[in-house]
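What follows is a short report on a single structure.
Nothing in this text is a laboratory measurement; each read-out follows from the coordinates by a stated rule. The model shown is predicted, which means the values in this text are computed figures rather than measured ones. All Cβ positions, even for glycine, are placed from backbone atoms using ideal geometry, and neighbour counts span all protein chains on display.
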Amino acid sequence: MDAAAVNDLLAFLRFPSVSTDPACAGKVAECAQWLCARLKALGLEAETHPTPGHPAVVARNRHETGRKTVLIYGHYDVQPPDPLELWTHPPFEPHIENGIVTARGATDNKGQILAHVLGVGEAMKRTGELPVNLIFLIEGEEEIGSAHLEPFLLAHRDSLRCDIIAVSDTGMVGRNIPTFTYGLRGIGALEIKVTGPSTDLHSGIYGGAVANPATMLARLLATLHTAEGRVAVEGFYDGVQPVSQAEKDRWGRLPLNDALILQLTGAPQLFGEAGCTTLERVWARPTAEVNGLKGGYQGEGTKTVIPKEASAKLTFRLVPDQKPDEVIDKVKAHLTQHTPPGVVLEITGGHTGAPYLCDPDSPQGMAARRALQRTFGGEPALIREGGSIPIVNSFKTILGVDTLLLGLALPDCRVHAPNENFPLENFFAGIRLNQALLEELAQG
């Protein structure tokens, strides 16, 4: 085990770089500075670029004419660690046990992007140079929608021009199974609030006389789905690209089956859109999800009130060829139409990102698959993934290039949840993968 590499990982994970929390802004900036210094120590030119939000870190080697240019993207910001009481160890005090490091950001995305950084460092130390012109672009706002990265790309388009982009921020279908992700779902986010009386009311004195916002919010949210799990918003499925039979057959041979998904989720049973397999539902079908609810008394015991308001956070995962803005407009119309009497609805828009699909059989896709096979010793699984990386489509529209999604996260890594974890064997595999990838892309 390379102790220096592990120490770098632990140092990186100790920064509480929670981009959504204003109280962490100073630590986010410190994390960016640490990363920039680490890139410089490898012999790269590196600098932090301020944005209206958190800084972006950009680094590059000496570029030479006639070589392919590869941009490696990642992010150093992390999700909030809450609920803290469910962590077995403090989320920003990384803990290693049985070869697995547990900390917020261990998989998403600090472990994965640092593997690329250290892979470049090993190659430069061994050979003095890389086989490609390299650019690192590592941002601090991915977990809040990358709102300032697209303007950054537009402003720095010329200096960021490249032939291909590589990202390790996705998953593997199982341990030691190399995985190439050629599709991502898009996303659209909303917050809704229903308001009733001007203040909380005594539920005995006024119950039965005014609408309860918590109850009305529940009724409104229930209109989003049919009993069979299909989204009930009119026109929601317009533009949805059907899954090919070849994809269905390929996915049916993967070890990521219903039994394993039940085990990973701890759910009593699987549920979703009727007529689709589980992998189809999470990789290639759109969804509507309630991510959070708030309203009324939340403390211990009973408080007999009718709350004055209740709210919910919603996201919609989207697939090719849905357009996020169009879908969100249809959702807003649905919610407005189905608002129960006695309350007022307020809708606040959130971030969006388009779905992404590329060709895994392209020359660059084949180079990535060869690199995966060299690293892990097996034929790569070809999958889509249910998550979203909105900036991938911005790369396509602004820089005009595809993105290779080479994930190192295992299904049980607990991304966005307490006890997020990353196996050190995957961390070191990522270091080797980086070197194989740059070599294969240089030749391909």
**Complete:** Per the helix-only model, the chain has a calculated mean residue ellipticity at 222 nm (DSSP H runs of ≥4, -39500 (n - 2.57) each, divided over all residues, rounded to the nearest 500) of -9500 deg cm²/dmol
**Message:** Just want the answer: with Cβ charges of +1 for Lys and Arg and -1 for Asp and Glu, which residue in I164, P81, F152 is farthest toward the dipole's positive end in the chain?
**Reply:** I164
**Alpha-carbon centroids, the stretch 36-76 and the stretch 171-203: separation in whole Å** = 31
**Karplus-derived 3J(HN,Hα), 6.51/-1.76/1.60, for each residue of the stretch 161-177, Hz, glycine and proline x** = 4, 7, 9, 7, 10, 10, 9, 10, 8, 10, x, 10, 7, x, 4, 6, 9
**Asked** Nearest 20 debye, what's the magnitude of the dipole of the chain about its Cα centre given +1 on Lys and Arg Cβ and -1 on Asp and Glu Cβ?
**Response** 240
**Asked** Counting Lys and Arg as +1 and Asp and Glu as -1, what is the net charge of the other residues whose Cβ lies under 10 Å from the Cβ of G296?
**Response** +1
**Overall form of the stretch 94-150 per C-alpha gyration tensor (a/c, 1.5; a/b vs b/c)** = oblate
**Message:** Can you order the peptides 356-365, 310-319, 236-245 by their average number of other Cβ atoms within 10 Å per residue, highest first?
**Reply:** 310-319, 356-365, 236-245
**Request:** Mind running the shape call on the stretch 209-254? Use the C-alpha gyration tensor, a ≥ b ≥ c as the square roots of the eigenvalues: rounded below 1.5 for a/c, prolate if a/b tops b/c, oblate otherwise.
**Result:** prolate
**Asked** How big, in percent, is the set of alpha carbon pairs in the stretch 175-286 lying more than 21 Å apart?
**Response** 58
**Prompt:** Tell me, what HN-Hα J-couplings in whole Hz come from the Karplus equation 6.51 cos²θ - 1.76 cosθ + 1.60 at θ = phi - 60° for each residue of the stretch 131-148, using x for Gly and Pro?
**Reply:** x, 9, 7, 10, 10, 9, 10, 10, 9, x, 9, 4, 6, 10, x, 6, 4, 9
**Request:** Straight distance only, please: which lysines reach the Cα of K294 with their own Cα at less than 25 Å, same-chain residues fewer than 8 apart left out?
**Result:** K193, K303, K308, K313, K330, K332
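Determine the sum of side-chain charges near G128: Lys and Arg each +1, Asp and Glu each -1, restricted to other residues whose C-beta is under 14 angstrom from that of G128.
Working: positive: R62, K125, R126; negative: E64, E122, E129.
With Lys, Arg at +1 and Asp, Glu at -1, the neighbours total 0.
Using Cα pairs closer than 8 Å and at least 6 residues apart in sequence, work out the relative contact order for the stretch 9-166, in percent. Could you put the intermediate results ahead of the total?
Details: 267 pairs, mean separation 50.3, N = 158.
Here the relative contact order equals 32 percent.
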**Item:** Estimated vicinal HN-Hα couplings, Hz - the stretch 233-249 in sequence order (Karplus 6.51, -1.76, 1.60; Gly, Pro = x)
**Value:** 6, 4, x, 4, 8, 4, x, 5, 7, x, 7, 6, 5, 4, 5, 4, 5
**Message:** From the P(r) of the stretch 163-233, could you give the percentage of C-alpha pairs in the tail past 21 Å?
**Reply:** 60
**Request:** Using only the C-alpha atoms of the chain, find the volume of their convex hull and express it per residue in Å³.
**Result:** 156
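Quick one: putting +1 on the C-beta of Lys and Arg, -1 on the C-beta of Asp and Glu, what dipole do you get for the stretch 1-157 around its Cα centre, in Debye to the nearest 20?
Numbers: 13 positive and 20 negative charges, 148 e Å.
The calculation lands at about 720 debye.
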**the stretch 236-295 and the stretch 340-394: distance between their alpha carbon centers, rounded to Å** = 15
**Prompt:** Suppose every K and R has +1 on its Cβ and every D and E has -1 on its Cβ; what is the size of the dipole of the stretch 168-293 about the Cα centre, in Debye to the nearest 20?
**Reply:** 220
**Fill in**
Spelling it out for A56: with amide H atoms placed in the peptide plane at 1.01 Å from N, the residues 5 or more places away or on another chain with amide H under 5 Å from its amide H are H49, T51
**Dmax and Rg, reported as Rg then Dmax, of the stretch 43-137 (C-alpha, Å)** = 16.6, 54
**Item:** Convex hull per residue volume in Å³, alpha carbons only, for the stretch 286-444
**Value:** 156
**Request:** Would you mind telling me which residue in L256, L44, L279 has the biggest mean-square fluctuation in a Gaussian network model of the chain, where springs connect alpha carbons within a distance under 10 angstrom?
**Result:** L256
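With the cut-off at 21 Å, report for the stretch 1-65 the share of all Cα pairs above it, as a whole percent.
So the pairs more than 21 Å apart make up 32 percent of the total in the stretch 1-65.
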**Asked** Using the C-alpha gyration tensor of the stretch 118-168, what are the square roots of 5 times its eigenvalues, in whole angstrom, with the largest one first?
**Response** 26, 14, 8
**Fill in**
To the nearest 0.05, the calculated FRET efficiency linking K323 and E64 through their beta-carbon distance, R0 being 51 Å, is 0.80
**Fill in**
Semi-axes (Å, rounded, descending) of the ellipsoid equivalent to the stretch 280-380 per its C-alpha gyration tensor are 43, 20, 9
